[in-house]
Ligand SMILES: Cc1cc2nc3c(=O)[nH]c(=O)nc-3n(C[C@H](O)[C@H](O)[C@H](O)COP(=O)(O)O)c2cc1C
């Protein structure tokens, strides 16, 4: 009896240590190179080339491109005022950009210019209902944290969150047009499944997804 109790306690402790290790691993932080903020094609050319694509090469984006992409999307462009490349209703800055890749799920920390790993699972297929989400190397998910949006009613929070996410999405479109990357925004998401895969808290809501990658080579 005493032996089996001892064994049980050992199993519990090992389980606890294993869980702690997993948590620590999940919290890995990846520093991004400083974004290159002075390049790109003229704005009018980027607007001319902006378009939705649904075909992607599975080639990984280099860290520098990832940093530039995320800065364009929702980076800090006025650090003194803690303000960003996209506008935000009442400056609540409630949107977090989640980055889903083959390596796992990350949150973009714009102020520290790094990626915080929240999962080491490849959950790309859960970030949308169309086939291309499985193969696009990056699926961004714009997540609104309603707890950062004060006391207004949820429908109002949702309207502002959609508008705020749409500005970020358009920044991504223009960056991709400038860099000859493919991209497509998506509302077609099973939001419950996606929220689970991203390990969201109840106050966090999936708003839109957006796939990014190199264009698929044309086959003759
Ligand atoms: C709010 C919003 C949601 C969208 N959702 C999807 C989607 O779930 N799947 C998809 O393939 N395209 C989606 N799109 C892309 C549109 O289909 C696309 O913008 C439209 O066909 C016009 O094409 P263009 O972006 O190349 O001009 C969405 C666009 C917006 C603005």
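Coordinate-derived values only; no laboratory data. Everything numeric in this text was worked out from a predicted model, so none of it was measured. Here the Cβ positions follow ideal geometry from the backbone for every residue, glycine too, while neighbour counts run over all protein chains shown.
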Q | Search result, residues across the stretch 108-134 that are in a loop (DSSP other than H, G, I, E, B) and either closer than 18 Å to residue 65 by Cα or without any contact (Cβ under 8 Å) to a residue 24 or more places away in the chain (or both) | A | 110, 111, 112, 113, 122
Q: Sort through 209, 184, 213 and tell me the only one that's under 18 Å from the mean Cα position of the chain (by Cα), buried (at least 20 other Cβ atoms within 10 Å of the Cβ) and more than 14 Å from the ligand (Cβ to nearest atom).
A: 213
Q.
Quick check on this structure: which one of 216, 191, 159 is in contact with a strand residue (DSSP E or B) (Cβ under 7 Å, 6 or more places away or on another chain), more than 19 Å from residue 35 (Cβ to Cβ) and without any contact (Cβ under 8 Å) to a residue 40 or more places away in the chain?
A. 191
Q: Taking the options 203, 179, name whichever one is more than 16 Å from the ligand (Cβ to nearest atom), loosely packed, with under 14 Cβ neighbours inside 10 Å and touching a residue at least 12 places away in the same chain (Cβ under 8 Å).
A: 203
Q.
residue 109 - would you say it is surrounded by fewer than 22 Cβ atoms within 10 Å (Cβ to Cβ), closer than 18 Å to residue 144 by Cβ, away from the ligand (no atom under 16 Å from the Cβ) and within 14 Å of the chain's Cα centre (by Cα)?
A. yes
(Q) For the stretch 74-89, check the following and say yes or no: at least one residue is assigned to a loop (DSSP other than H, G, I, E, B) and surrounded by fewer than 11 Cβ atoms within 10 Å (Cβ to Cβ). (A) no
